[in-house]
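What follows is a single structure, written as structure tokens, with notes after it.
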Amino acid sequence: MPKGRVIKAQNSFFYVQAGQKIISCKLRGKFRKRMPVYPGDEVEFGFLPDGSGVVENVLERRNLLRRPAVANVDQVVLTFAAAQPELHPLLLNRFLVLAESSSIPGIVICVNKMDLCPNTREDVLALYESIGYPVLRTSTRDRTGLDDVCRILEGRTTVFAGPSGVGKSSLLNRIDPSLSLGTGDVSEKIKRGRHTTRIAQLLPCEGGYIVDTPGFSAMEFQELEETDLAGYFREFVPYFGECRFSPCTHSHEPQCRVKSAVDAGEISRERYDAYLGILAEIRNRKKGYG
Ligand SMILES: Nc1nc2c(ncn2[C@@H]2O[C@H](COP(=O)(O)OP(=O)(O)OP(=O)(O)O)[C@@H](O)[C@H]2O)c(=O)[nH]1
Ligand SMILES: [Mg+2]
Ligand SMILES: [Zn+2]
């Protein structure tokens, strides 16, 4: 059976890229109920007597980004702006948790609009680099860093996520003008409101695929478990197992090694506070307040 990759799902059609061809497929009825199909899924498909395509099977997913739903993502580029809108570390931390909890193998931070504020928040960026996240600094205005972005795209499926107005679409248009993604200034976006629906689709770029996503800043951590959260803060992980209690939520427990690392300045207090904030959200949700 031929195999392909779903590059777009729209109006119950699934557009499957197989070699150079794109086949629009429906789903088999029985199969539709059993399992959802997302952009990025690798599928087996067949043809009906009338020549139209039909998805017969979804191959095992390596991972699934929840928002927007995209399967088999190699990396996510968390895009922020040096200014307009200002970079908020708390929001960055939340995006990082979102990406880490989706088992995406590559997580890269990109700070765009460096032309507006060349020395911005270098202290903040240094923290994330020390944790192990590559940080790219870009500007679509003066083309700073665009080669660095191109380089990491090669042959991979990359999702660009981040708040609205940071320049995700602008950046991708700069890299490949044929993408012709819609862009707009920040005040216009506010006027247009939240209802500009855009679907996630995989677009060929640099021998791989990119997915431009609509910006968002509010996120809920519905699926997260209290005990998993600390694992999404990479720099906490080396201390696991050295706490007095097991499991340890690294919040109220005595003789917690993560907490002592915060006190010793080995873990950033800001990151630890972000952790506690999200932990509290998860707990409140469980109690039914969330
Ligand atoms: N000064 C400056 N402005 C930029 C840069 N990149 C993008 N912009 C501007 O920022 C605004 C928003 O850009 P978009 O590309 O639409 O932002 P986006 O992240 O795709 O926003 P959403 O699609 O709403 O999530 C536009 O007015 C761009 O011209 C940059 O490097 N420097
Ligand atoms: Mg955009
Ligand atoms: Zn602990």
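Every read-out reported here was derived from the displayed coordinates using simple, explicitly stated rules and does not represent laboratory data. This structure is a prediction, so every number in the text was calculated from the model and none was measured. Cβ coordinates were reconstructed from backbone atoms using ideal geometry, including for glycine residues, and neighbour counts include every protein chain displayed.
Which GluC sites (Glu not before Pro) in the range 36-140 pass both tests, a DSSP loop state and at most 10 other beta-carbon atoms within 10 Å? Answer by residue number: Glu60. Each DSSP beta bridge with both residues in the chain is either parallel or antiparallel, and the antiparallel ones are about 50%.
Given the convex hull of the Cα atoms of the chain, what is a quarter of its surface area in nm²?
So the Cα hull casts an average projection of 17.8 nm².
Shown for Lys113, Lys21, Lys259: other C-beta atoms within 10 Å of each C-beta, ranked fewest to most, produce the order Lys21, Lys259, Lys113. Averaging the sequence gap over all C-alpha pairs within less than 8 Å and six or more residues apart, then dividing by the number of residues, gives the chain a relative contact order of 14 percent. Taking each residue as 0.36 nm, the span from His88 to Leu116 lengthens on full extension beyond its C-alpha to C-alpha distance by 8.5 nm.
A straight Cα-to-Cα reach below 15 Å connects Lys26 with the aspartates and glutamates Asp41, Glu42, Glu44, Asp50, Glu56, residues fewer than 8 places away in its own chain not being considered. Counting neighbouring beta carbons within 10 Å and listing from fewest to most, the residues Cys248, Cys256 come out as Cys256, Cys248. Once the chain from Phe245 to Glu226 is taken as fully extended at 0.36 nm per residue, the excess over their C-alpha distance is 5.3 nm. Close amide-amide hydrogen proximity is noted between Asn57 and Glu44, each under 5 Å apart and 5 or more residues distant or on a separate chain (H modeled in the peptide plane; Pro and chain starts excluded). Maximal additional length on extending the Arg283-Met219 stretch stands at 21.5 nm, based on 0.36 nm per residue less the C-alpha distance. For the pair Ser178 and Asp123, a Förster radius of 35 Å applied to the C-beta separation gives a FRET efficiency near 0.35, rounded to the nearest 0.05. Neighbour counts of other Cβ atoms within 10 Å put Met219, Met1, Met114 in the fewest-to-most order Met1, Met219, Met114. Per-residue ellipticity at 222 nm, computed for the chain from helices alone with -39500 (n - 2.57) per DSSP H run of at least four residues, works out to -8000 deg cm²/dmol.
Does the range 61-124 come out rounded, prolate or oblate by the C-alpha gyration tensor, with a ≥ b ≥ c the root eigenvalues, rounded set by a/c under 1.5 and, if not, prolate when a/b is larger than b/c and oblate if not?
It comes out prolate by the Cα gyration axes.
Each Lys and Arg adds +1 at its Cβ and each Asp and Glu adds -1 at its Cβ; summed about the Cα centre, the range 3-59 shows a dipole of about 180 debye. Here the label points at Asn57 and Asp148, each 7 Å from Cα along the C-beta direction, are separated by 4.4 nm in the simple model.
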